[in-house]
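One structure is given here, and the rest of the page talks about it.
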Amino acid sequence: MPLVLHEYAPSGNCYKIRLTAAHVGVPLERRNYDILRGETRTAQFLSEVNANGRIPVLQVGDEDFLPESNAAAFYIADGSDLIPADRFERADLLRWLFWEQYNHEPNIATVRFWRTLVGEANLSDLQRAMLPGKIAAGEAALALMDAHLGRSDYLVLDRLTLADIVLYAYTHVAEEGGFDLQPYPNVRAWLTRVASHPAHIPITV
Ligand SMILES: N[C@@H](CCC(=O)N[C@@H](CS)C(=O)NCC(=O)O)C(=O)O
């Protein structure tokens, strides 16, 4: 049975997994859920796919379900040259995956989601109040990446690793959320570098 990706295609978290699979050459069977219609909140989804009510979820065989995009991407990449062999470098890669989930995705992805899919007019009062803080935190994340990428071509090694794939996913669509990438030339050069790999696929595929 092929790996099954339970997903919502425009989500960068789901794209990370498709991009990792493309690099490793692993086929994925894709099942789509419309998150705007609450399709990941049904009793069946919660009991059978992910009690946390979210995609992506990677299904391995009939019974094993792996939520959390970076865990799923790691599962696919494990054993490939996207994961460094050296112990410190492997932990450093995990550092970027955790940082992405704490400092980058909750700000850059959320602002993109609110502005492009929910629509600013439809935000709740709480979401509207949170928007300036999320924009500032997203800009801080881009600035940190830009400083790091001024010193090396890729995030962990001098070649592509899973850290670059994971961070590429929402950084390359940050402008959809209103983030200006012009002040971050090293990030822009890195985006071009990552996208130039022969195995690269766009988010729309
Ligand atoms: N930390 C999770 C975040 C997953 C997540 O926030 N998924 C969103 C789409 S990107 C979702 O399913 N939203 C629908 C909902 O919460 O009902 C991951 O990296 O996979």
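The values are calculated or read from the model by the stated rules, or taken from the named source; none is laboratory data. This one's a predicted model, so the numbers in the text were calculated from it and none came from an experiment. A quick note on method: Cβ atoms are made from the backbone with ideal geometry, for glycine too, and the neighbour counts reach across all protein chains shown. Heads up: the accessible areas ignore ligands, DNA and RNA and are worked out on the full protein's heavy atoms, side chains in. Shrake-Rupley method; radii C 1.70, N 1.55, O 1.52, S 1.80 Å.
Can you list the trypsin sites (Lys or Arg not before Pro) in the stretch 123-195 that are in a DSSP coil and have 16 or fewer other beta carbons within 10 angstrom? Counting only loop positions with at most 16 other Cβ atoms within 10 Å, the trypsin sites (Lys or Arg not before Pro) in the stretch 123-195 are ARG151, ARG159.
Can you tell me the FRET efficiency between ASN122 and HIS197 if r is taken as the Cβ-Cβ distance and R0 is 30 Å, rounded to the nearest 0.05? It comes out at approximately 0.20. Between LEU36 and SER152, the simple label model (points 7 Å from Cα in the Cβ direction) yields a spacing of 4.0 nm.
The alpha carbons of the stretch 3-77 stretch over 34, 26, 18 Å along the principal axes, in descending order.
The slack in the chain from VAL60 to ASP78, taken as 0.36 nm per residue of separation less the alpha-carbon distance, amounts to 5.1 nm. Coupling constants for the stretch 113-127 follow from the phi torsions by the Karplus curve (6.51 cos²θ - 1.76 cosθ + 1.60, θ = phi - 60°), and in residue order they are 4, 4, 7, 9, 9, 7, x, 4, 5, 9, 5, 6, 4, 5, 4 Hz; glycine and proline get x.
Count Lys and Arg as plus one, Asp and Glu as minus one, and take only other residues whose Cβ is under 14 Å from that of VAL187; the net charge is then -4. Remark: the stretch 34-45, residue by residue, has Karplus-estimated 3J(HN,Hα) of 8, 5, 6, 9, x, 5, 9, 10, 6, 4, 5, 4 Hz, where x stands for each Gly or Pro and the curve is 6.51 cos²θ - 1.76 cosθ + 1.60 at θ = phi - 60°. Of the trypsin sites (Lys or Arg not before Pro) found in the stretch 15-84, those in coil by DSSP whose Cβ has at most 16 other Cβ atoms within 10 Å are ARG41. Per residue, the accessible area of the stretch 3-77 comes to 46 Å², computed with a 1.4 Å probe over protein heavy atoms only. Listed values for the stretch 54-70 are Karplus-derived 3J(HN,Hα) couplings in whole Hz (6.51 cos²θ - 1.76 cosθ + 1.60, θ = phi - 60°), namely 9, 9, x, 9, 9, 9, 10, x, 7, 10, 9, 10, 10, x, 6, 4, 6, and x replaces Gly and Pro. Under the shape rule built on the C-alpha gyration tensor, where the axes satisfy a ≥ b ≥ c, the stretch 99-166 is prolate, since a/c reaches at least 1.5 and a/b is greater than b/c. Rg and Dmax, both from the Cα atoms of the chain and both in Å, are 16.9, 49.
When only Cα pairs below 8 angstrom with a gap of at least 6 residues are kept, the stretch 87-195 shows a relative contact order of 37 percent. Computed over the chain, the per-residue total of -39500 (n - 2.57) for DSSP H runs of n ≥ 4 gives a 222 nm mean residue ellipticity of -13500 deg cm²/dmol, rounded to 500. Accessible surface computed residue by residue for the stretch 87-195, with neighbouring protein chains in place and a 1.4 Å probe, gives 47 Å² per residue. Only protein atoms count toward the accessible area here, which uses a 1.4 Å probe; on the chain, the carbon and sulfur part of that area reaches 53 percent.
Taking a ≥ b ≥ c as the square roots of the Cα gyration tensor eigenvalues, the stretch 140-184 comes out oblate, since a/c reaches at least 1.5 and a/b does not exceed b/c.
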